[in-house]
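Engineer: I'd like to ask you about the structure that follows.
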Amino acid sequence: MELRGATVAVTGGGRGIGKAIASAAAREGAQVAVGDLDADLALQTARELGPPALGLALDVTDRGSFATFLGSVADAFGALDVLVNNAGIMHVGPFLEEDDAVARAQVEVNLHGVLLGMKLALPAMVSRGRGHVVNIASIAGKEGFPGGATYCATKHAVIGATDAVRGELAGSGVQVSAVMPSVVDTELAAGLGRSMIGVIPPEDVGRAVMRVLRTGSAEAYVPRAVGVLHALFSPLPVAWRSAAAARLGADRVLSGATLARRAGYEARARGSAPAAGTAPDREAG
């Protein structure tokens, strides 16, 4: 895809990974629409990107809000070329202690937000015979990490849905891709444990999304080494995979989180349930 002059919409684009993706698209010469539950933050980010960027309120769990967002983007910039479904939240802690409302909020934002974005954006793309939807998933969508069961479940579902919709749209001229970051240096990752993979800057994810748009790749790991490790370990028996994860420290990234350092983020994430009326830091990874 030629990004110069293209219309790109990013959900959860006010900060973190979403802001990095929006910034990368703007540098490529795209017309960028930043959608965020925090409308003021979306406007601020758009101002930082400079014209013709647009900042708009967006609740990805609400069909009316999402439809209004996409309609406003079309009114301002014309037909949508790219939708990046980035908005997401993460709760960390033992599964058996997880509050039901927190679990539902993750499913609503991380999964239904992505499904809703595809349902609303893809019909017009299909009718034009061009367009690209990029769903920001996570390496947690390929593996299960202790301490983040529901989050992992939502990201597995995003990857499955992405693969299925891609298959349904084969030959339509419309592409659907998944990008799978490891731990990204944003507030969402506050207090998490560390593995041998380390922590990547959100700008790396932004660059990966631009590569996917230029090349039409079905999926991308960030960093690429994570994809290599997954390819090496996924054929192994479960016990061997678990041992490898322990050796890399991957099994302690979520389960070993310092919850006190995550208190601020977790409080905002709890307020992201539909109709909660607060503005959490919604981003993916």
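What follows draws every value from the coordinates through simple rules; no lab data is involved. No experiment lies behind these values; they were computed from the predicted model shown. Here the Cβ is made from the backbone with ideal geometry for all residues, glycine too, and neighbour counts use every protein chain on show.
Engineer: Given the DSSP H assignment, sum -39500 (n - 2.57) over each helix run of at least 4 residues in the chain and divide by its residue total; what's the result at 222 nm in deg cm²/dmol, nearest 500?
Structural biologist: Working: 10 runs with 124 residues, N = 285.
When only DSSP H runs of four or more count, the value is -13500 deg cm²/dmol.
Engineer: Output the relative contact order of the chain, whole-number percent, from Cα pairs under 8 angstrom with separation of 6+ residues.
Structural biologist: Values: 605 pairs, mean separation 63.0, N = 285.
Taking the mean separation of contacting Cα pairs over the length of the chain, I get 22 percent.
Engineer: Same structure, new question: Could you check how many percent of all C-alpha pairs in region 7-270 are farther apart than 24 Å? Can you show the working numbers first?
Structural biologist: Details: 15677 of 34716 pairs.
Roughly 45 percent, rounded to a whole number.
Engineer: So how far, in whole Å, is the C-alpha centre of region 231-271 from the one of region 166-200?
Structural biologist: After rounding, the separation between the Cα centres reads 15 Å.
Engineer: Turning to a different aspect of this structure: Would you mind working out the magnitude of the charge dipole of the chain relative to its Cα centre, with +1 at each Lys and Arg C-beta and -1 at each Asp and Glu C-beta, to the nearest 20 Debye? Could the numbers behind the result be given before it?
Structural biologist: On the way: 26 positive and 27 negative charges, 137 e Å.
Using Cβ point charges on Lys, Arg, Asp and Glu, the chain gives about 660 debye.
Engineer: Could you work out which residue, out of Thr61, Thr45, Thr215, moves most in a Gaussian network model of the chain, that is, has the largest mean-square fluctuation with Cα springs under 10 Å?
Structural biologist: Of the options given, Thr215 has the highest mean-square fluctuation.
Engineer: Then there's this: Grab the Cα-Cα distance for Asp163 and Ala39, subtract it from 0.36 nm times how many residues apart they are, and report the gain in nm with one decimal. If you can, show how the numbers build up before the last one.
Structural biologist: Numbers: separation 124, 0.36 × 124 = 44.64 nm, distance 3.15 nm.
Gain in length upon complete extension: 41.5 nm.
Engineer: Then there's this: In degrees, nearest 10, range 0 to 90: what is the angle between the Cα axis of helix 113-128 and the longest Cα principal axis of the chain?
Structural biologist: Result, in degrees: 40.
Engineer: Taking the mean number of other Cβ atoms within 10 Å as a proxy for protection, how do you rank 64-70, 82-88, 224-230 from highest to lowest? Please report the intermediate quantities before stating the final value.
Structural biologist: On the way: 64-70: 17.3, 82-88: 29.9, 224-230: 15.3.
For the peptides 64-70, 82-88, 224-230, the packing ranking is 82-88, 64-70, 224-230.
Engineer: Debye calculation, C-alpha points only, no solvent: report log10 I(q)/I(0) for region 95-242 at q = 0.12 Å⁻¹, in the same order as the q values.
Structural biologist: Normalising to I(0) and taking log10 leaves -0.55.
Engineer: Report the rotationally averaged projected area of region 16-127 based on its alpha-carbon convex hull, in square nanometres.
Structural biologist: The orientation-averaged projected area of the Cα hull of region 16-127 comes to 7.6 nm².
Engineer: Which of Asp36, Asp100, Asp81, Asp59 has the fewest other C-beta atoms within 10 Å, and how do the rest follow up to the most? Don't skip to the answer; put the middle values down first.
Structural biologist: Values: Asp36 34, Asp100 7, Asp81 22, Asp59 26.
In order of increasing Cβ crowding within 10 Å: Asp100, Asp81, Asp59, Asp36.
Engineer: Now, a different point. Extending each Cα 7 Å along its Cβ direction at Val238 and Arg4, get the distance between those two points in nm, one decimal.
Structural biologist: 5.3 nm
Engineer: So, R0 is 35 Å and r is the distance between the beta-carbons of Glu187 and Ala74; what FRET efficiency does that work out to, to 0.05?
Structural biologist: Computed FRET efficiency for Glu187 and Ala74: 0.65.
Engineer: Something else about it: Please report the net charge: other residues with Cβ closer than 15 Å to the Cβ of Glu219, K and R +1, D and E -1. List each step's numbers first, then the result.
Structural biologist: Details: positive: Lys142, Lys155, Arg166, Arg211, Arg214, Arg224; negative: Glu143, Asp163.
Neighbour charge sum, excluding Glu219 itself: +4.
Engineer: Shifting gears a bit: Taking the alpha-carbon distance from Lys155 and a cut-off under 17 Å, which lysines remain once sequence neighbours fewer than 8 residues away in the same chain are dropped?
Structural biologist: By straight Cα distance, Lys155 reaches Lys142.
Engineer: Right, next: Cross-link candidates for Lys19: which aspartates and glutamates have Cα within less than 17 Å, leaving aside residues fewer than 8 places away along the same chain?
Structural biologist: Within the straight-line limit of under 17 Å, Lys19 reaches these aspartates and glutamates: Glu28, Asp36, Asp38, Asp40, Glu48, Asp59, Asp185, Glu187, Glu203, Asp204, Asp281, Glu283.
Engineer: Also, I was wondering about something else. What percentages make up the Cα-Cα pair-distance distribution of region 109-195 when the bins are 5 Å wide from 0?
Structural biologist: 3, 14, 23, 22, 15, 11, 7, 4, 1, 0
Engineer: Placing +1 at every Lys and Arg Cβ and -1 at every Asp and Glu Cβ, with all other atoms neutral, what dipole size does region 5-66 have around its Cα centre, in debye to the nearest 20? Present the calculation step by step, with values, prior to reporting the outcome.
Structural biologist: Numbers: 5 positive and 7 negative charges, 35 e Å.
Dipole about the Cα centre, nearest 20: 160 debye.
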